[in-house]
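First up is the structure itself, then whatever we jot down about it.
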Amino acid sequence: MYQSDYSMSRWHRIWVLVIAAAMVAAFAAFAAPASAHDDENETATTYRVTVENLTENQTLTPAVVAAHEASFKLFTRNRPASNGLAQLAENGGVPVLVDELSTNDEVGDVAVAGSAPIPPGQTASTLITTTGEYGPISVAAMLICTNDGFAGISGAKVSDRRAETTRYGRAYDAGTEINTQSFVDLVPPCSNSTSGTGTSNPDLAENGTVQRHRGITETGDLSPATHGWDDPVIKVTIERVATYEITVTNVTSGQPITPAVFAVHNGRHELFGKGHPASNGLQQLAENGGVPVLAQEVTANSAVVASTVIGAAPLAPGTSASATIEVTGRVTRFSLAAMLVCTNDGFGGIDGKKLPTRIGDERHYNARAYDAGTEINTENFSDLVPPCDGDPTTGTGMSNPDLAEGATVQHHHGIGGVGDLTSVHEWSGPVLEITIERIG
């Protein structure tokens with residue numbers, strides 16, 4: 001094994017690979033104080049890094065992911081491996097490499113993809129933030145059934161202009177341990193037994209350099225058929241991610257409002273448009289409080305990249321509800337709609353508004369009331385959603401074909417006083433205030 005002052009005991013080694021799910025996460029959290037390198041005047045971009053194991057026979061450790069300066073190299077062919085990389089490649093020492101990277105001034109952020117080994121064909125993901133000069137991303141994970149093999153990419157460049165970048169990583173030999181391919185010299189989980197030395201063995205020290213791995217040969221306990229692979233061994237997908245917090249406030253004096261359906265989309269999507277017919281989902285929301293129907297409709301729309309429901313129950317006047325949403329890709333628009341409960345088919349909404357662009361930026365919007373144009377405004381409790389008058393037995397709770405209007409979405413004229421509704425249910429000006437902040 002790799003000869004250094006940081007020798008890992010046999011039990012520590014097994015712990016790293018088999019039962020360290022919580023501890024790996026803890027190391028990652030400890031090692032990710034990228035704020036130490038951040039400059040609040042620089043633009044931060046968050047990416048989701050997904051590592052896919054492309055091999056048929058080799059399990060990978062959780063993958064260490066780092067965002068760093070262009071001058072930094074996690075590994076370079078024909079150069080010696082660092083202590084952290086050697087510990088990863090020989091012993092599955094994920095925490096050792098994480099700790100090494102987190103104390104390097106050239107590294108801006110460190111994370112771990114996966115909380116347990118990654119089997120063939122499976123994936124693991126994590127979030128990483130690039131800030132200023134800390135742009136390139138590198139990845140490394142041990143090929144468990146090798147003496148000192150690892151899968152990696154070094155210095156993958158990502159563009160803020162692209163929603164997604166894909167890179168493929170091949171297998172490398174760290175050059176720190178002779179490839180005996182014997183279970184007694186490998187990480188214990190490889191043989192599914194307690195065999196394995198679990199300690200650094202000076203007799204196996206290779207003192208070489210990082211090279212492309214030649215694969216499994218017909219020596220020792222390993223065989224190409226059982227433990228071999230073809231390059232590439234990992235697929236790394238890097239997706240731009242933004243996190244937003246949305247708060248919706250009911251600013252009416254007498255109208256309860258349903259939870260709001262919120263959708264992030266590209267410019268081709270229209271949740272509603274003045275002068276256009278309402279979709280079935282919007283009709284169900286505006287007439288019957290059908291939040292799930294509209295939520296399902298927007299989720300199925302290919303132009304919508306993310307959606308959520310804000311609030312778990314109707315919002316009383318003056319109250320608020322919040323939600324957080326994670327968005328992948330370069331999208332800049334959002335829309336929102338919520339029913340005005342004490343109306344036949346009224347709703348508060350905004351369509352196609354801009355999202356904040358920088359972390360910490362906040363935007364404020366006012367949503368006005370609209371009439372979906374799908375039901376005649378009788379304003380009778382018997383035609384409204386049951387909770388409107390406080391009596392759950394009053395009202396149909398479903399659309400009435402006899403009241404079908406067949407019109408288009410228009411600005412709502414307010415309560416007309418023609419039925420059971422009164423000035424108590426009236427509103428003036430906007431019905432909703434929306435605050436949206438980019439928090440990641």
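Of the residues making up the stretch 291-304, those that are surrounded by fewer than 19 Cβ atoms within 10 Å (Cβ to Cβ) and of a type in the set (V, I, T) are V293, T299. One residue stands out among those in the stretch 198-248 that are touching a Leu at 6+ places or on another chain (Cβ under 7 Å) and farther than 20 Å from N57 by Cβ: the one that is surrounded by the most Cβ atoms within 10 Å (Cβ to Cβ), which is V248. Kindly provide the set of residues from the stretch 251-267 that are out of contact with any helix residue (DSSP H, G or I) (no Cβ under 9 Å at 6 or more places or on another chain) and either among the basic types (K, R) or more than 18 Å from T308 (Cα to Cα) (or both), ordered by number. Passing the criteria: V251, G267.
The stretch 87-165 holds strands (runs of 3 or more DSSP E) entirely within its bounds, and those carrying 3 or more residues that are among the aliphatic types (A, V, I, L, M), in contact with a Lys or Arg (Cβ under 9 Å, 6 or more places away or on another chain) and closer than 28 Å to E177 by Cα map to 149-156.
Selection within the stretch 147-185: residues that are out of contact with any Ser or Thr (no Cβ under 7 Å at 6 or more places or on another chain), of a type in the set (A, V, I, L, M) and surrounded by 21 or more Cβ atoms within 10 Å (Cβ to Cβ). The member of this set that is nearest to N78 (Cα to Cα) is A174. Checked against the criterion of being farther than 30 Å from T45 by Cα and either in contact (Cβ under 8 Å) with a residue 12 or more places away in the chain or out of contact with any strand residue (DSSP E or B) (no Cβ under 7 Å at 6 or more places or on another chain) (or both), the stretch 361-369 has at least one qualifying residue. The strands (runs of 3 or more DSSP E) located wholly in the stretch 216-316 that include 1 or more residues which are at pLDDT 95 or above and among the hydroxyl-bearing types (S, T, Y) occupy 234-250, 304-310.
May I ask you to verify whether L54 is closer than 29 Å to S223 by Cα and crowded, with 24+ Cβ neighbours inside 10 Å? Considered against the rule, which asks whether it is closer than 29 Å to S223 by Cα and crowded, with 24+ Cβ neighbours inside 10 Å, L54 comes out as no. Just to be sure before I move on: is D221 more than 30 Å from P136 (Cβ to Cβ) and among the acidic types (D, E) in the structure I sent? Spelling it out, D221 is indeed more than 30 Å from P136 (Cβ to Cβ) and among the acidic types (D, E). Could you check the stretch 85-120 and list, in sequence order, the residues that are under 20 Å from Q211 (Cβ atoms) and of a type in the set (D, E, K, R)? The answer is E90, and nothing else. Considering the stretch 89-119, the residues that are over 20 Å from the mean Cα position of the chain (by Cα) and charged (D, E, K, R) include one that is surrounded by the fewest Cβ atoms within 10 Å (Cβ to Cβ), namely D105. When residues in the stretch 410-440 are screened for being in a loop (DSSP other than H, G, I, E, B) and at negative phi, 16 of them pass.
The values are calculated or read from the model by the stated rules, or taken from the named source; none is laboratory data. If you're wondering where the values come from, they're calculated on a predicted model, not measured in any experiment. Methodologically, a virtual Cβ is constructed for each residue, glycine included, from the backbone with ideal geometry; neighbour enumeration extends over all protein chains shown.
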